[in-house]
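Below is one structure; the comments refer to it alone.
Read-outs throughout are calculated quantities, based only on the coordinates presented, and are distinct from any laboratory measurement. What you see is a predicted model; the values in this text were computed from it and never measured. In this analysis, Cβ positions are derived from the backbone assuming ideal geometry, glycine residues included, and neighbour counts consider all displayed protein chains.
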Amino acid sequence: MSDYYQLLGVDRKATDKEIKRAYHRRLRKIHPDYAGPGHEEEVKQVNKAYEVLSDPEKRQMYDLGGEDALSGRGPAAGAGDFGAFASAFSSMFGGAFGGGGPRSRQSPGSDRVLPVELDLADVAFGTTLKQDIEVYVVCEQCQGSCTAPGTSPVTCTQCHGTGNVQRTVRSLFGEMLTSQPCPRCEGFGDVIVTPCQNCSGTGCVQSHKEIEVEVPAGVSDDMTLRMRGQGDVGPGGGPAGDLYIKFQVRSHPFLDRDGDDLVTELRVPMTAAALGATINLETLDGTKKINVRPGTQNGTVVTLKQLGINHMRRPGRGNLQVRIVVETPSQLDDHQRDLLMQLAQARGEDNYEPVKDESVLDRLKGALGK
C-alpha cells in the first residue's frame, strides 16, 4: 500500500499549493522525456496520489483510514460503519464522498520564476525587454488531447465512461452500494490506447518562447512582477501557471540610488571651489551644467531637481544629489608654492610654518641621525 504523501515528497501538513508544486516537480522527474521509459506505473501512482490529496474531502478520508477509507474498507468505515454509510449517500445523491462522473485529464500548470537584470536607466525611465524562457506549452501534434493524431480515447469498458465503479458493502444497515474511481481508467472514464509520441501522452512539451516584459519606472532590487498565464501549461493542456519576473539592478559607474533620488560626487579643484565655476556633469539625462558657487566647501550638496528616478505610483521624479569634493593639490612646484604663499600673506594666513617637502634621501638621513 502506497503512502500518497511519501509519493509526492510532502509533509502531511502540506498546503494545497505545496502539494500542487510537489506533484508537478515529481511528475517531471519521472516523465519519459527525462527519465526514459519504464516509469509508467510510477506515473499512475503519482497521479492517483495527487487526485486524492488535491481533493479536501478525499484527503480527509485518506488521513483517517488510508486507501481503504476511500472505498469504505478502512478505519474510517468503523464506528457504526460510517464510511459505508457515507459511500451509500454518495451513490444515491452524488455527494462529496465519491462519484460525480469522470475527472478531467487537465490539471493546472506550475509557476515559473525568471530573473531579469536591469540598468539604472531602465529603472529610472522604465523600459520594455524581450526575454527568452523555457516553459511547458501545449503539444502542437495532439493539441493537449494526449492522444496520437487521428486517434481518440476509448471509452473504458469497466466503468462504461462514468469514471467510477460500484461495489456492495455490508454495513449496519445491510448491503449498501458504494462508488469509487475506476481502477482501469483511473477515474477518467476513457483509456488512451495510442498516446501522442511527441509529448508521451502528457499533452504538453517543453519549448522556448519569447515574451515582452514591461518594466515600470521605479522598480527596485528583488522586486517581483507577476505575469498571469505565462508559466507552464499543465498536463492535458491544462491552464498555464504564472510567470514571476524578479528584477536585479546592475551597479552604475558613478551613480548610487537613495529611494527615488540619485546620488553622485563631483570633484572640483581647490581654485574652482574658491573662485566659483560652471562644470559639466554626466547624468542619466545627458550632460548637465552645474554651478559651483565661489567659496564652496568640501561636502557641500547641490540638488538638481527632477533628475532622479521616476516615481512608481505618482507623477514626477526624484532629484539628483551632487556632493562636492574639493581637491587640494598634493604636489606643487616652486612657482605654485610661491603663489600660494603670496595668497596666504595677502589673507593674513602666513603665521603657519610651512612643511618642507623633503626628498626621500633627506628623510632617510634624518632617520639614521646623520
Exercise for the section: For Gln306 and Asp258, calculate 0.36 nm times their separation in residues minus their Cα-Cα distance, and state this gained length in nm to one decimal. Expected result: 15.9 nm
Problem - Charge dipole (debye, nearest 20) of segment 255-347; +1 at Cβ of Lys and Arg, -1 at Cβ of Asp and Glu - result: 500 debye
Completion exercise
quick note, segment 255-347, DSSP beta bridge pairs, % antiparallel (nearest 5) is 65 percent
Completion exercise
The ³J(HN,Hα) series, computed from each phi in segment 121-135 with the Karplus coefficients 6.51, -1.76 and 1.60 at θ = phi - 60°, rounded to the nearest Hz and given as x for glycine or proline, is 5, 4, 5, 5, 10, x, 6, 10, 10, 9, 10, 8, 10, 10, 9
Problem - Amide H partners (placed H, <5 Å) of Cys196, local residues excluded - result: Thr147, Ala148, Gly201
Problem - Hypothetical label at Ala277: residues of segment 244-266 whose amide nitrogen lies under 12 Å (7 Å Cα-Cβ projection) - result: 266
Handout entry: Arg228 paired with Ser330, simple spin-label distance in nm, labels 7 Å along Cα-to-beta-carbon
Key = 6.0 nm
Practice task
Mind giving me the nanometre distance, one decimal, between the label points for Ile211 and Ser54, set 7 Å out from Cα along Cα→Cβ?
Solution key: 2.1 nm
Problem - In order through segment 288-296: 3J(HN,Hα) via Karplus (6.51 cos²θ - 1.76 cosθ + 1.60), integer Hz, x for Gly, Pro - result: 10, 8, 10, 8, 9, 6, x, x, 4
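Apply the a/c threshold of 1.5 to the C-alpha gyration tensor of segment 143-211 and tell me whether it is rounded, prolate or oblate.
Since a/c reaches 1.5 and a/b is larger than b/c, the shape of segment 143-211 is classed as prolate.
Determine the relative contact order of segment 255-347: mean sequence separation of Cα pairs under 8 Å and six or more apart, normalised by residue count, in whole percent.
32 percent
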Handout entry: Integer Hz, Karplus 6.51/-1.76/1.60 couplings in order for segment 298-312, x for Gly and Pro
Key = 4, x, 4, 10, 10, 9, 9, 5, 6, 10, x, 8, 4, 5, 7
Exercise for the section: Would you work out if segment 137-295 is rounded, prolate or oblate? Take a ≥ b ≥ c from the square roots of the eigenvalues of the alpha-carbon gyration tensor; rounded if a/c is under 1.5, else prolate when a/b is larger than b/c, oblate otherwise. Expected result: prolate
Completion exercise
Within segment 133-169, the residues whose backbone N lies under 18 Å from a label point placed 7 Å from the Cα of Asn198 along the Cα-to-Cβ direction are 135-153
Handout entry: Charge dipole (segment 255-347, unit charges on Cβ, about Cα centre) - positive-most of Ala274, Leu307, Leu339
Key = Leu307
Problem - Amide H within-cut-off set for Val215, under 5 Å, with H built and near neighbours excluded - result: Thr127, Thr128, Leu129
Practice task
Excluding Leu266 itself, calculate the net charge of residues whose Cβ lies under 15 Å from the Cβ of Leu266, where each Lys or Arg counts +1 and each Asp or Glu counts -1.
Solution key: +1
Handout entry: Charge sum, other residues only, whose C-beta stays under 13 Å from Asp63's C-beta, Lys/Arg counted +1 and Asp/Glu -1
Key = -2
Completion exercise
Plugging the Cβ-Cβ distance of Ser220 and His39 into 1/(1 + (r/R0)^6) at R0 = 35 Å yields, to the nearest 0.05, a FRET efficiency of 0.20
Practice task
Can you tell me the order of 136-146, 288-298 when each peptide is scored by its average per-residue count of other Cβ atoms within 10 angstrom, highest first?
Solution key: 136-146, 288-298
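Checking the a/c ratio against 1.5 first, then a/b against b/c, what shape does the Cα gyration tensor give for segment 95-155?
On the way: a/c = 5.54, a/b = 2.17, b/c = 2.55.
Because a/c hits 1.5 or more and a/b fails to exceed b/c, segment 95-155 counts as oblate.
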